[in-house]
Each structure stands twice: as C-alpha cells, then as structure tokens.
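Structure record follows, encoded as structure tokens.
The values are calculated or read from the model by the stated rules, or taken from the named source; none is laboratory data. Keep in mind that what you see is a predicted model, and the values were worked out from it rather than measured. With ideal geometry, Cβ positions are generated from the backbone for all residues, glycine too; neighbour counts draw on all protein chains shown.
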Amino acid sequence: MIARLSSAAALVATLGVALGSQNAEACGCFAPPDPTVPIVQAGERILFSVENGVVNAHIQIQYAGDAKDFGWLLPLPSVPTLKLGTEELFTQLINVTQPRYFVNTVTTGTCGSPFGRNAGLAFPASANDSAGGSEGGSSPLVTQSSIGPYDYAVLRADSKTEMLNWLTNNSYFIPVGTEDTVGPYIRPGAYFLALKLKSGKSAGDIQPVVLEYPSDLPMIPIILTSVAAQPNMGIQVWMLGNGRAIPRNYNHVVINDSQVDWLGRAQNYNDVVIRAVSEAPDKHAFITEYAGNSNVMQDVLDGPGRFGSIPTLAAFTDPADFVEYLFENGYAPSANSSGGFGFAAPSLPPLLKSLVLAQLPFPEGLAGVTTEDNFLRQLRYYLGDYRTQHPAAFAGWTSSFDPSALAAQIEEKIVTPAKNAGALFRQHPYLTRLYTTLSPEDMTRDPVFSFNPSLPEVSRDHTATLRIDCGLGGDISTSPATLTTEQGWVFQLPNRNTTPPGKGPNALRIETLAEEGSPLVILDNGKTIADKMGCGCSSVDPLFGAGLLALLVARRRRQRS
C-alpha cells in the first residue's frame with residue numbers, strides 16, 4: 001500500500017495501514033487514556049478475519065497532508081471487493097486489548113501511610129506509544145470505480161511497466177523507490193489495488209476501508225512498505241478466528257518483564273518490545289499482547305439501540321434537534337466508555353464531525369469564544385440565545401442543512417460500517433492481538449498469519465507485587481521494599497521510589513509457533529537473566545520456573561559453602 005505525506009518523505013502502507021511518522025499520522029488514539037495502558041503509536045493497524053477461504057481485512061489508513069499527494073497501493077493475491085470501514089473499530093480495539101501494567105502494594109509491620117496496612121495500590125502505566133486516461137500498449141486495468149471519498153482501480157500485476165505506466169497516466173501517486181521494491185509482487189495472477197482521493201476531498205475525509213478477497217491466509221506485504229517506512233515502525237495486527245492466531249513465518253517473542261519499568265508507569269514498554277524483537281533472528285518476530293474471547297468487543301460498535309433510527313434522524317428540520325439526536329443515540333461515545341479514568345465531554349468523532357460541519361459550519365465569529373466541539377454540543381444555545389445576543393458573531397454565516405442528505409451520508413459512512421464491523425465479533429469467537437516493530441532494512445519477508453487453537457490465552461493485564469517492610473512505625477516512603485514481577489523476578493529495593501534496573505536480554509524466550517502443538521523454544525534466556533540479576537532475583541515463570549529455581553537454590557548453597 002502506498003501513500004504520501006505532505007513532507008518530503010513519501011509514505012508506503014501495506015495491507016493494513018498507510019505508514020506514517022509518529023508526528024504525522026492521523027490520530028488512532030483515545031482520550032482520556034486508561035493510565036494503566038502503555039499507549040504505542042503504530043504505523044500500521046489491521047484487523048483480519050478468515051472464513052471459507054476468504055480474507056476480510058479492515059484497514060486503517062493513517063495520513064496527514066495535501067489531498068493531491070495522497071496515494072495508496074496494495075498488492076493482493078486476487079481481485080477484492082471494497083467497502084467503507086470505521087475508525088472507531090481501531091479506537092475500541094486499542095482500548096480493550098492494549099497491555100496494562102499494575103503494581104499491587106502490600107505492607108508488613110506498622111507503616112506511616114494513609115492507605116493503611118495491605119492496601120492494594122495500582123501503579124498506573126503509560127508509555128510513548130495512518131476516471132482513467134488512456135495509455136499505450138495493453139491495459140492492466142481490471143476494474144475502476146469509487147467508494148466514499150476514494151477513486152480506486154484494480155490492476156493486473158503481470159507487468160511492472162504496464163502497471164506503473166497506467167498509474168502515472170491516471171494521476172495515482174507513486175513514491176520514489178516503488179519500482180525497486182514492487183518486483184516480488186509482479187507475477188501472473190496477482191493484482192494491485194490503487195486508491196486516491198476524489199477531486200474536492202481532503203485528508204480529513206479519509207476513513208478505513210474493508211477488503212474481501214479469496215486467499216488461504218492473510219499476509220502483510222511488508223517488503224513494499226520499506227520504501228518509506230520509519231525506523232522501528234510499530235505494526236499492530238488483530239486476528240479473528242476460532243482460536244489463537246500465530247505469525248506463521250516469523251518468530252514469536254515473550255518479553256522479559258524484569259525490563260519493564262513497573263514503578264515508572266511502564267513507560268518503557270515499547271522500548272522493551274523493540275529490543276526484544278531485535279534479539280530474534282533477522283529481527284523477524286511478533287509478541288502476543290492479547291489472546292482470548294472476542295466478546296470484549298461484542299456490542300461495543302453495534303449495541304442494541306445504538307444509532308437510533310435513520311428515518312427519524314432524516315425527519316428533523318431543526319439542526320439542533322438533529323445534532324442532539326446524534327449525541328443521545330451513541331454517535332458520540334463518551335471518552336471514558338472503555339474503562340478509562342476521569343471524564344471528558346463526548347464529542348462527535350472526526351469523520352462525523354466533518355460531515356455535520358460541512359452543512360453547519362463553525363462561525364468565524366466564534367473563534368476564540370468556543371470550540372467546534374462545544375459549538376456542536378450546545379448548538380441550540382449558539383444558534384438561539386447566543387446568536388440573538390451576539391449577532392456580529394454570525395455575520396455572513398450561512399448553512400446548507402439538508403437533514404435527509406446528511407442522514408444518508410451518516411448511514412453510509414458511520415452506521416453501516418460500524419454495524420458490519422461489530423457483526424464480526426459475533427461470527428468469530430476468538431480475538432488475538434499481535435505486535436512488532438520493524439525498520440526498513442529489516443522488511444525483507446512478508447509476514448503471514450494463521451491459527452493454533454491449542455495455544456493458551458494471553459491476558460492484557462499484568463500485575464507485579466510491591467511488598468514494603470515498614471518494621472515498627474517505619475515510613476512507607478523510605479522503608480525497604482521487594483518488587484516481584486509477574487514472571488517472578490524479585491528485586492530488593494532500598495525504598496519504593498527506587499526504579500529497579502532490568503538486566504539480561506529483553507526477550508525471555510524466542511520461539512516458533514506452528515498451527516498445532518506447543519511452542520518450539522529456540523532460545524530460553526531464563527538462566528542468563530537469573531545470572532545477570534544475581535542472588536537477589538529469581539523467576540517462577542511456569543514454563544521454566546521449577547528447573548530455574550532449583551538451579552538458583554543450588555547456586556546459593558554453593559555460594560554459602
């Protein structure tokens with residue numbers, strides 16, 4: 001997939017998401033974030049499902065720049081069908097599957113603490129987490145049409161020259177370097193999908209797309225992405241099926257959680273992932289961040305009664321009634337609806353807001369007085385009493401409010417995509433989230449994904465225990481403490497404010513996952529980590545804990561003798 005930023009760097013996006021630098025990609029975040037969640041800004045996000053030899057791919061396109069510079073090119077094994085997707089799918093997937101890190105605090109002795117003895121405190125975690133002309137020769141064009149804000153074409157990939165010439169002659173942007181990287185995808189029976197924005201559309205009109213195409217397994221054409229990928233670009237993949245998903249031709253990594261800054265809000269989580277993945281052969285590896293029941297997403301996008309009735313919406317002649325109906329019927333889910341802390345007033349999502357503001361524009365006279373979001377939240381007030389009291393603020397203001405046309409747009413671009421996406425989580429019982437980071441020089445193999453239903457679930461939640469020994473009347477802030485990570489690594493700390501230094505490799509294990517059976521461990525760093533951490537540390541990870549603890553006990557006995 002190819003797209004371009006307004007900056008000098010071109011942008012290539014593969015089967016999942018248009019690539020973008022972190023400071024340029026469209027926002028796929030949520031606010032306010034759950035402070036226990038290390039938010040990671042990924043360059044690519046995609047949801048795959050596979051059923052009866054057909055791959056369904058929901059693709060988030062992240063892009064910021066001039067509309068004329070937008071282009072998107074995606075290699076495919078067969079001719080796809082296209083639908084519009086919803087940005088909310090990815091926002092909610094991130095909310096319910098992003099890893100969370102907690103620290104449970106207990107005390108011994110008599111502590112001078114307002115929390116009392118054995119109070120369980122969660123230490124929040126966070127991390128730094130986008131109509132054809134003519135040409136000579138035979139045409140590779142299979143079909144061309146438009147959907148939503150896009151014009152698109154499906155081209156045969158038999159000939160690189162014919163395909164690239166057609167794209168150039170029909171005003172599809174091709175980033176520098178594409179000709180060198182497109183080669184692996186040029187073969188008889190292969191295809192490319194090309195997208196561009198329609199004339200008059202802006203980058204704010206971009207929304208996810210949904211592709212369906214015959215294929216045995218989903219794949220991300222990462223080689224093509226290397227044209228303009230960023231260093232350590234994050235790639236998030238969600239898979240729906242009947243069991244846990246696996247990277248079929250990449251390794252799998254379990255991170256060493258002694259490297260996670262548990263007492264510092266897990267803010268180094270993404271750095272740990274980057275280093276752990278880099279320890280795998282060729283830096284080709286994914287980690288599993290969540291694997292379990294898909295019901296965490298059921299009714300999130302398409303709950304009973306959400307969106308109300310489109311005919312009812314279309315019948316409102318008063319714009320304030322129209323917009324209030326949107327807020328009252330789930331079009332603007334509250335910012336903390338996914339369990340985050342705090343509260344923020346609900347706002348219309350960016351695409352919906354742009355649709356409404358196209359017919360009910362924000363008056364220039366209100367700049368500095370209020371915001372677009374407040375204007376829409378309090379539309380009745382601003383178009384009523386405020387306009388009467390401050391007519392100058394609305395000088396020259398006109399609207400083109402057409403409730404029937406606007407309701408039809410909302411149904412096409414908001415309601416139908418959300419309901420279609422929500423239905424997937426009833427059709428497929430199991431959801432997996434995989435994550436990796438790759439730099440351009442490492443993008444030498446296209447990752448393919450499959451399933452292994454025999455593998456265990458993976459929780460998004462991780463908990464360490466901080467035990468503070470206050471003695472008799474000690475100060476909870478200065479008393480010695482012991483931090484035990486989820487994997488069982490133990491740190492002896494002078495006080496609870498000391499950040500324990502992680503030691504040893506960042507990957508606890510590097511393994512391969514097959515479509516049946518247990519993981520095949522190709523490198524187990526348990527002993528190496530224990531040796532690095534010394535006698536004050538140990539691990540009780542169930543896959544190697546018994547043997548490692550026995551080794552540690554024997555070692556300590558030898559040290560005493």
### Query
Inside the range 255-274, can you point out the residues that are out of contact with any helix residue (DSSP H, G or I) (no Cβ under 8 Å at 6 or more places or on another chain) and either within 19 Å of residue 429 (Cα to Cα) or β-branched (Val, Ile, Thr) (or both)?
272, 273, 274
### Query
Can you tell which of 404, 400, 354 is under 24 Å from residue 310 (Cα atoms), assigned to a loop (DSSP other than H, G, I, E, B) and not aromatic (Phe, Trp, Tyr)?
400
### Residue list for the range 447-481, restricted to those being among the hydrophobic types (A, V, I, L, M, F, W, C) and either under 29 Å from the mean Cα position of the chain (by Cα) or in a loop (DSSP other than H, G, I, E, B) (or both)
448, 449, 451, 455, 458, 464, 470, 472, 476
### Message
Being modelled with pLDDT of 95 or more, crowded, with 17+ Cβ neighbours inside 10 Å and of a type in the set (Gly, Ala, Ser) narrows it down to one residue among 384, 422; which is it?
### Response
422
### Task
Identify all residues within the range 156-186 that are under 26 Å from residue 67 (Cβ atoms) and part of a helix (DSSP H, G or I); write none if there are none.
163, 164, 165, 166, 167, 168, 169, 178, 179, 181
### Query
Are any residues in the range 496-520 under 23 Å from residue 269 (Cα atoms) and loosely packed, with under 14 Cβ neighbours inside 10 Å, and if so, which ones?
497, 499, 501
### Task
Could you please find all residues in the range 272-309 being exposed (fewer than 15 other Cβ atoms within 10 Å of the Cβ) and not polar (S, T, N, Q)?
281, 282, 299, 303, 304, 305
### Query
Restricting attention to the range 252-271, which residues are surrounded by fewer than 23 Cβ atoms within 10 Å (Cβ to Cβ) and among the polar types (S, T, N, Q)?
267, 268, 270
### Task
Inspect all residues belonging to the range 426-446 and state whether any of them is under 23 Å from the mean Cα position of the chain (by Cα) and under 30 Å from residue 314 (Cα atoms).
yes
### Message
Kindly evaluate residue 360 against the criterion of being at pLDDT 95 or above, hydrophobic (A, V, I, L, M, F, W, C) and more than 21 Å from the chain's Cα centre (by Cα).
### Response
yes
### Query
Taking the range 482-528 on its own, how many of its residues are out of contact with any Cys (no Cβ under 6 Å at 6 or more places or on another chain) and part of a loop (DSSP other than H, G, I, E, B)?
25
